[in-house]
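The values are calculated or read from the model by the stated rules, or taken from the named source; none is laboratory data. Just so we're clear, the structure is a prediction, and the values are computed from it rather than from any experiment. In this analysis, Cβ positions are derived from the backbone assuming ideal geometry, glycine residues included, and neighbour counts consider all displayed protein chains.
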Amino acid sequence: MMRAAVIGCGNVAGNHAAAYRELADVELVAVTDVDPARAAALAARFGTRAVDPQELFGLGLDLVSVCTPHPTHEAVVVRAAAHGVHVLCEKPIAVDLGAAGRMIAAAEAAGVQLGVLFQRRFWPAARRIRAALDDGALGRPVLAHASVLLHREPEYYTAAAWRGTWATDGGGVLMTQAVHNIDLLQWFMNGAGEAVEVSAAHTTVTHPVEVEDTAVATIRFAGGGLATLAASTAVTPGLGTRVQVSGSTGATVGLAEYPEGSEARLDVWAVPGAAAVSSPFGGGLVPDLDLAAINGSLAPFHALQIADFVAAVREGRAPAVTGREAAKSLAILTALYRSAASGHPEPVPTTREEIPA
Ligand SMILES: NC(=O)c1ccc[n+]([C@@H]2O[C@H](COP(=O)([O-])OP(=O)(O)OC[C@H]3O[C@@H](n4cnc5c(N)ncnc54)[C@H](O)[C@@H]3O)[C@@H](O)[C@H]2O)c1
């Protein structure tokens, strides 16, 4: 049996605990939180122990999930690595590339696996698009678009003290929600090379926060691929997310996630020899879901990525999304914020420069 624990017992932690509990070769040994009441509540829900963070690494763990606020990821991941424990960290890997680099270096120095949760890559629709790109059905990916039109209640930002400030959240809709779609964009487009330059603008429309709740961006990839992004948490009812890719053959494929959190479906599949379209809104619009329902509906895809991570640890191979892979979306994000601040296009720092091998 592999011994696992969850660190940080807030909104998303239950998806990790539930996934570990379902795996026959994993024991969920403990959960921990700086707020003991939160740890106790999660432990009771999943029939495990709540322990103090200081006691955790005395329990002989093999792996941990890190479900704490983004700016705390570095300290928690580095500590786990120092104890020789494999780490699966929630997205975004960190809020700056220096921190991501230190996390990756700590895991590599300790010889432990570092994985980062981007469970939307595990949608069958996302895998089908990646496979179509690998098979050459689209040729070279040349054009992509992601739209992220979500709803959050103002209370989402006020319920946790760390949300909504530059210092403690690192950003708004781009850093916390659109990071998933930026990850998909770069995963689909990287056949055209890594992202090299971005332009962005952002604003705050309705939410009581200093970070952005609405943003637009363009991303240019080495090799000439282009992508656009529009993202907001100020849309009601939320209209979910979409990612579309067109290739040099002229073919276009795309997926749509509606409502937010549900399994995405292919809404456009127009490749040589096949043409199918469907509307994600065919069943009509649904009222906005609360956050617990959105996070809960993501659980099957957390379970798939967590199963991959456990298998990677067991087999001594890299997990599906490594720290280095997760740093690519963060590199794009840091350039987006820089461009929005400068008002000019900005280069994307190459993760190879910022995070030495
Ligand atoms: N993959 C996804 O779709 C998804 C969904 C939701 C959240 N997340 C990510 O998960 C992380 C947590 O988000 P959340 O919404 O669950 O936050 P949350 O505020 O609901 O929970 C965070 C918990 O971490 C605890 N904590 C803070 N610092 C800690 C530390 N040093 N050690 C132990 N516990 C600590 C807090 O007390 C809190 O209970 C974020 O990085 C977020 O981006 C990912």
How many residues of region 56-82 are over 30 Å from Thr334 (Cα atoms) and in contact (Cβ under 8 Å) with a residue 12 or more places away in the chain? The answer is 6
All conditions in (1) touching a residue at least 24 places away in the same chain (Cβ under 8 Å); (2) more than 23 Å from Gly250 (Cβ to Cβ); (3) surrounded by fewer than 23 Cβ atoms within 10 Å (Cβ to Cβ) are true of Leu226 except (2)
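I'd like the full set of residues that are within 12 Å of the ligand (Cβ to nearest atom) and in a loop (DSSP other than H, G, I, E, B), limited to region 84-96. Let's see the steps before the verdict.
Taking region 84-96 and keeping what is within 12 Å of the ligand (Cβ to nearest atom), we get 88-95.
Correct list: Glu90, Lys91, Pro92, Ile93, Ala94, Val95.
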Just one listed residue, out of Ala24, Ala37, Ala4, is free of Cβ contacts under 8 Å to residues at least 40 places away in the same chain and closer than 25 Å to Gly316 by Cα, and it is Ala24
(1) out of contact with any Asp or Glu (no Cβ under 6 Å at 6 or more places or on another chain); (2) in contact (Cβ under 8 Å) with a residue 40 or more places away in the chain; (3) within 15 Å of the ligand (Cβ to nearest atom) all hold for Ser262 apart from (2)
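Of all the residues that make up region 258-284, how many are surrounded by 13 or more Cβ atoms within 10 Å (Cβ to Cβ) and assigned to a loop (DSSP other than H, G, I, E, B)? Let's see the steps before the verdict.
Filtering region 258-284 down to residues surrounded by 13 or more Cβ atoms within 10 Å (Cβ to Cβ) leaves 258-271, 280-281.
Going one step further and asking which of them are assigned to a loop (DSSP other than H, G, I, E, B), we end up with 258-264, 280-281.
Looking only at that region, the number is 9.
Identify all residues within region 97-109 that are buried (at least 19 other Cβ atoms within 10 Å of the Cβ) and of a type outside the set (Gly, Ala, Ser); write none if there are none.
Applying the first criterion (buried (at least 19 other Cβ atoms within 10 Å of the Cβ)) to region 97-109 yields 97, 99-101, 103-104, 106-107.
Within region 97-109, Leu97, Met103, Ile104 meet the criteria.
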Ala99 vs. criteria outside the structural domain of Gly10 (by TED's automatic domain parsing), outside any strand (DSSP E or B) and either modelled with pLDDT of 95 or more or not hydroxyl-bearing (Ser, Thr, Tyr) (or both)
no
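Confirm whether Ala292 is of a type in the set (Gly, Ala, Ser), outside the structural domain of Gly136 (by TED's automatic domain parsing) and surrounded by fewer than 14 Cβ atoms within 10 Å (Cβ to Cβ).
Working: of a type in the set (Gly, Ala, Ser): yes; outside the structural domain of Gly136 (by TED's automatic domain parsing): yes; surrounded by fewer than 14 Cβ atoms within 10 Å (Cβ to Cβ): yes.
Spelling it out, Ala292 is indeed of a type in the set (Gly, Ala, Ser), outside the structural domain of Gly136 (by TED's automatic domain parsing) and surrounded by fewer than 14 Cβ atoms within 10 Å (Cβ to Cβ).
Counting only residues that are free of Cβ contacts under 8 Å to residues at least 60 places away in the same chain, give me the helices (runs of 4 or more DSSP H) lying completely in region 112-188 with at least 3 of them.
Values: elements: 124-135, 154-159, 166-169.
Counting at least 3 such residues, we get 124-135, 154-159.
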Per the list (1) within 15 Å of the chain's Cα centre (by Cα); (2) buried (at least 22 other Cβ atoms within 10 Å of the Cβ); (3) of a type outside the set (Gly, Ala, Ser), residue check on Leu255 breaks on (1)
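Among the residues of region 295-321, write down those that are aliphatic (A, V, I, L, M), more than 13 Å from the ligand (Cβ to nearest atom) and buried (at least 16 other Cβ atoms within 10 Å of the Cβ).
The initial filter retains those residues of region 295-321 that are aliphatic (A, V, I, L, M), namely 298-299, 303-304, 306-307, 310-313, 318, 320-321.
Keeping just the survivors that are more than 13 Å from the ligand (Cβ to nearest atom) gives 307, 310-313, 318, 320.
Ala307, Val310, Ala312, Val313, Ala320, listed by residue number.
Filter the helices (runs of 4 or more DSSP H) completely within region 1-83 down to those with at least 3 residues that are more than 21 Å from the chain's Cα centre (by Cα) and more than 11 Å from the ligand (Cβ to nearest atom). Break it down stepwise before answering.
Working: elements: 13-22, 36-46, 73-82.
By residue number, 36-46.
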